[in-house]
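The values are calculated or read from the model by the stated rules, or taken from the named source; none is laboratory data. Just so you know, these numbers come straight off a predicted model, no measurement behind them. We place every Cβ from the backbone using ideal geometry, glycine too, and count neighbours over all the protein chains shown.
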Amino acid sequence: MKDPIVSPIQNFGRYSLIAGVILVLLGSLGIALPVVMSVTASIFIGSLMLLAGLLWLYYTYQYSFKHWLDWIKPGLLVAVSLIILIDPLSGVVALALLLSFYLLLDAISSFYLAYAMRPGYGWGWMAVNGIASLALAILFLVGWPDATPVIIGLFIGISLVFDGLVFIMIWWKVREMDLSS
């Protein structure tokens with residue numbers, strides 16, 4: 001019988017090291033150049049939105065939807081994506097506002113869960129999670145919109161570095177398991 005913890009780890013191959021190193025390098029670049037990372041992320045998101053909007057417009061045209069309401073959602077998707085691609089910093093600023101709202105809701109739900117779990121195991125960690133989410137939300141709101149490109153770029157860069165380190169550590173564990181077999 002396979003160990004449920006070991007089995008998923010064995011699915012990671014030698015490419016985990018390559019992916020991890022690339023993610024660490026990209027994350028480090030993002031930390032060094034946070035505004036560039038923010039603008040790049042905004043352009044990437046805008047491009048995906050444009051592609052989705054164009055595909056949706058094509059679908060709407062292909063299946064000959066005649067009512068004008070059928071064209072609103074794909075039209076708005078294309079329009080918003082073009083705004084983001086023309087002025088990527090506006091996309092970054094909007095993303096920061098949405099992210100701060102999410103973090104605020106996350107903090108509230110974490111505090112509620114911590115209260116509901118108290119005095120059981122883990123309630124303190126849930127409260128710490130709420131404090132961290134609240135602090136990040138306040139950081140976004142206080143720095144909004146001027147510091148937004150730097151903050152978003154740093155967050156993306158730090159996240160990529162940690163993701164890369166996780167891949168490298170998983171690769172290391174797989175390597176140890178292969179050597180011990």
Those residues of the stretch 26-51 which are aliphatic (A, V, I, L, M) and over 19 Å from Asp87 (Cα atoms) amount to Leu26, Leu29, Ile31, Ala32
Just wondering, is there one or more residues in the stretch 146-153 that are closer than 30 Å to Val36 by Cβ and over 18 Å from the mean Cα position of the chain (by Cα)? yes
Could you check how many residues of the stretch 136-150 are assigned to a helix (DSSP H, G or I) and over 12 Å from Ile108 (Cα atoms)? 10
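For the stretch 52-69, which positions are assigned to a helix (DSSP H, G or I) and either without any contact (Cβ under 8 Å) to a residue 24 or more places away in the chain or surrounded by fewer than 14 Cβ atoms within 10 Å (Cβ to Cβ) (or both)?
Taking the stretch 52-69 first, the residues assigned to a helix (DSSP H, G or I) are 52-62, 68-69.
Residues satisfying the conditions are Leu55, Trp56, Leu57, Tyr58, Tyr59, Thr60, Tyr61, Gln62, Trp68, Leu69.
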Scan Phe111, Phe12, Phe44 and give me the residue that is at pLDDT below 90 and of a type outside the set (Lys, Arg). Phe12
Condition (residue is surrounded by 12 or more Cβ atoms within 10 Å (Cβ to Cβ), farther than 22 Å from Ile151 by Cα and not polar (S, T, N, Q)) applied to the stretch 88-95: is it met by at least one residue? no
Residues that are aliphatic (A, V, I, L, M), buried (at least 18 other Cβ atoms within 10 Å of the Cβ) and closer than 27 Å to Pro145 by Cα, drawn from the stretch 100-133: Leu103, Ala107
With the checklist (1) over 30 Å from Val142 (Cβ atoms); (2) touching a residue at least 24 places away in the same chain (Cβ under 8 Å); (3) not aliphatic (A, V, I, L, M) in hand, flag the one item Gly91 doesn't pass. (1)
Given Leu76, Leu54, Leu99, Leu69, which one is over 24 Å from Phe155 (Cα atoms) and at pLDDT below 90? Leu69
Mind checking whether some residue in the stretch 151-161 is more than 14 Å from Ala41 (Cβ to Cβ) and modelled with pLDDT of 90 or more? yes
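Taking the condition in contact (Cβ under 8 Å) with a residue 60 or more places away in the chain and either crowded, with 18+ Cβ neighbours inside 10 Å or assigned to a helix (DSSP H, G or I) (or both), does Ile158 pass? Steps first, please.
On the way: in contact (Cβ under 8 Å) with a residue 60 or more places away in the chain: yes; either crowded, with 18+ Cβ neighbours inside 10 Å or assigned to a helix (DSSP H, G or I) (or both): yes.
Considered against the rule, which asks whether it is in contact (Cβ under 8 Å) with a residue 60 or more places away in the chain and either crowded, with 18+ Cβ neighbours inside 10 Å or assigned to a helix (DSSP H, G or I) (or both), Ile158 comes out as yes.
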